[in-house]
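Trainee: To start, I am sharing the structure in question, which I have written as structure tokens.
The values are calculated or read from the model by the stated rules, or taken from the named source; none is laboratory data. Not measured: the values here are computed from a predicted model. Every residue, glycine among them, receives a Cβ derived from its backbone with ideal geometry; neighbour counts consider all protein chains shown. The area values use the complete protein model at the heavy-atom level, side chains included, leaving out ligands, DNA and RNA. Shrake-Rupley method; radii C 1.70, N 1.55, O 1.52, S 1.80 Å.
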Amino acid sequence: MAAVLQDRPPVAPPPQKGMAAGRSAGPGVSVIDGLLPDAAQSALIDAMHWMPVHFLNRWDRFKSHELDMHWYYPIAFSDEAYSANVEPALEALDQTLQPVLDAWRAIKAAVGRPVRLYECMLSANTFGTEGRVHQDIAEDASRPSHYTALIYCNRDWKLEWAGETLFFDADGEITGGVMPKPGRLVIIRGDPPHVGRSVSRICPTDRRVLVFKFWAEE
């Protein structure tokens, strides 16, 4: 069995050499705690806490499955994922959202290479709003250059509240999992299959995640 596993190609490439140190949660997935100083992390979580969210039925947009729905707020967004640069939109945000720009700058420093941001949004899940296993980019050839960064933005999180982010290989086996610890950063390189699981029935809040999607620039 071990020989068979070794022969399989990884779903995603290993972390970039210039990336800040963090623990691995599977091929192409790096977990970094303490990205932001305590005051900056608190300011970001506070800003995401009061941000209003809209209900999105992803079935209507992506034809995934009828229960694929969640809450979200588009902070900086473009339908032109392969060519857009929405960083100027982040720089033009109201002062109350300055923590979002600060977080993006910290992410760029952690990645350690030139990148181009094409989407920034707040995602929220409540009990019963199930995610789906997916990849962010449809074209296989483009995935090695793609990054997604997640910052978990709840003030507190308990193990029994669930809400894990899971990663999978090409055979549908779990390669890693991450708990949504407040302020934790997950950098995903190469777009492996992943899903944000629903929170448990006893969870008293929604699970809020600040999401940045971007490309490595040559």
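Trainee: Where Lys and Arg each count +1 and Asp and Glu each count -1, what net charge lies around Q95 among other residues with Cβ under 14 Å from its Cβ?
Mentor: Result for the local shell: -4.
Trainee: Follow-up question, since we're still on this one. Using a 1.4 angstrom probe on the protein heavy atoms only, could you order E218, E91, E164 from most to least accessible area?
Mentor: Most to least solvent-accessible, the answer reads E218, E91, E164.
Trainee: Treat every Asp and Glu Cβ in region 134-178 as -1 and every Lys and Arg Cβ as +1, leave all other atoms uncharged, and give the resulting dipole magnitude about the Cα centre to the nearest 20 debye. Please report the intermediate quantities before stating the final value.
Mentor: Details: 3 positive and 9 negative charges, 61 e Å.
Value, rounded to 20: 300 debye.
Trainee: Explain nothing, just the number: relative contact order of region 107-218, from Cα pairs under 8 Å at least 6 residues apart, as a whole percent.
Mentor: 46
Trainee: Rounded if a/c is under 1.5, else prolate if a/b beats b/c, else oblate: with a ≥ b ≥ c from the C-alpha gyration tensor eigenvalues square-rooted, which is region 71-218?
Mentor: It is oblate, given that a/c is not under 1.5 and a/b is not larger than b/c.
Trainee: Can you pull the semi-axes for region 86-133, root of five times each eigenvalue of the Cα gyration tensor, sorted largest first, whole Å?
Mentor: Three semi-axes, in Å: 24, 16, 10.
Trainee: Which net charge results for the neighbourhood of S30, defined as the other residues with beta-carbon distances under 10 angstrom from its beta-carbon, given Lys and Arg at +1 and Asp and Glu at -1?
Mentor: Cβ neighbours under 10 Å give a net charge of +2.
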